[in-house]
Amino acid sequence: MAPILLNCLGNDRKEYMEETFHVNNPNLDGMEEDILYHFSLGTKTHNLPEMFGDIKFVCVGGSAKRMKAFAQYIHTELNLPGSNDEPKDICEATDRYCMYKVGPVLSMSHGMGVPSISIMLHELIKLLHHAHCRDVVLFRLGTSGGVGLAPGTVVVSEKALDYNFLPQFEQVVLGKVIMRSTELDAGVSRELLQCSKELPNLPTVIGNTMCTNDFYEGQGRLDGALCSFSHAEKLEYLQRAYEAGVRNIEMESTVFAAMCRVCGLKAAVVCVTLLNRFDGDQITSPADVLVEYQQRPQVLVAHYIKKRLALIALTPP
């Protein structure tokens, strides 16, 4: 495989600089064993450096089926040896998440919502720590509701915002509220935007992403089992979101951005819009169109990965 030049914006290897990250928990150093329960992995039962030490890219998404498909896709894109027909699920002993290793790429599911992805991120970041990984970039690949954007538009998040349009994640610890910043890596976002310009039929923007606690009321939908607001109130809220720079809405970005930032991990949120929320609440596009939309973040991130691995020419952002 070609040399990994993750921080090199040209072809000069002298520009390469290794970057590290850190877990923010001194208690881990004193543990005899760390069991990553939801992955069915552990520091005593598995040789994590041998299994995962070469990981440079981690791609996570809500759907187990979609992340298996991405593992198969990236296997082909990186021209790796062997068959990609049935990749091995490293987490097959548990039914919580799926995990596929494809060369230097880890493809994982995280379920839906902040609680599910939060659990996955704690154990993922510890896994990367125990495996002595360096210079890792994390991506969340997903779907979202667009705010003033046509369906099929890919949004690379500049910041993840809460329901008040603030770039922060609220975590309650021992009854106390801790606020963590949710800014994402600007350099990775710029590179992704440049990558989108090199690909056909991949409309892409950089904008803020609003993260909510649920799919219905929290996102101002009128079609849930409960609704306590009017159509006019919904549109007024979406307009305020748009004016705050929000271009899409999903349910995981704040904790993803916050945890990666605290641990010094480069990260990006790359989601495609399935509808424009100003036009309605229900997703009505045909199934084949939705499948193509859902592949767009995968295509964009795969192109980025190939550039970072110097498998294709690097273009400065």
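The values are calculated or read from the model by the stated rules, or taken from the named source; none is laboratory data. Keep in mind it's a predicted model, so treat the numbers as computed, not measured. Don't worry about glycine lacking a Cβ; one is built from the backbone with ideal geometry, like all the others, and counts go over all protein chains shown. Remember, those area values only see protein heavy atoms, side chains included, never the ligands or the DNA or RNA. Shrake-Rupley method; radii C 1.70, N 1.55, O 1.52, S 1.80 Å.
Of all the numbered requirements in (1) touching a helix residue (DSSP H, G or I) at 6+ places or on another chain (Cβ under 8 Å); (2) open to solvent by less than 60 Å² (accessible area, probe 1.4 Å), Gly207 misses one, and that requirement is (1). Here Tyr73 fulfils each of the conditions (1) out of contact with any His (no Cβ under 9 Å at 6 or more places or on another chain); (2) open to solvent by less than 50 Å² (accessible area, probe 1.4 Å); (3) within 21 Å of Tyr293 (Cα to Cα) apart from (2).
Of the residues making up the range 152-193, those that are out of contact with any strand residue (DSSP E or B) (no Cβ under 7 Å at 6 or more places or on another chain) and either open to solvent by less than 60 Å² (accessible area, probe 1.4 Å) or assigned to a helix (DSSP H, G or I) (or both) number 5. Can we say Arg140 is out of contact with any Asp or Glu (no Cβ under 6 Å at 6 or more places or on another chain), closer than 30 Å to Asp29 by Cβ and open to solvent by 70 Å² or more (accessible area, probe 1.4 Å)? No. Selection of the range 279-310 for residues being of a type outside the set (Asp, Glu) and exposed (fewer than 15 other Cβ atoms within 10 Å of the Cβ) yields Gly280, Gln282, Ile283, Thr284, Ser285, Pro286, Ala287, Val289, Val291. How about the range 259-278: which of its residues are open to solvent by less than 10 Å² (accessible area, probe 1.4 Å), out of contact with any Asp or Glu (no Cβ under 9 Å at 6 or more places or on another chain) and not charged (D, E, K, R)? Residues satisfying the conditions are Val270, Val272, Thr273. Residues that are free of Cβ contacts under 8 Å to residues at least 40 places away in the same chain and open to solvent by 30 Å² or more (accessible area, probe 1.4 Å) within the range 38-67 comprise Lys44, Thr45, His46, Asn47, Glu50, Lys65, listed in sequence order.
Of the residues making up the range 233-282, those that are in a helix (DSSP H, G or I) and among the hydroxyl-bearing types (Ser, Thr, Tyr) are Tyr237, Tyr242, Ser253, Thr254. Residue-level check: of (1) farther than 19 Å from Tyr304 by Cβ; (2) without any contact (Cβ under 8 Å) to a residue 24 or more places away in the chain, His132 misses just (2).
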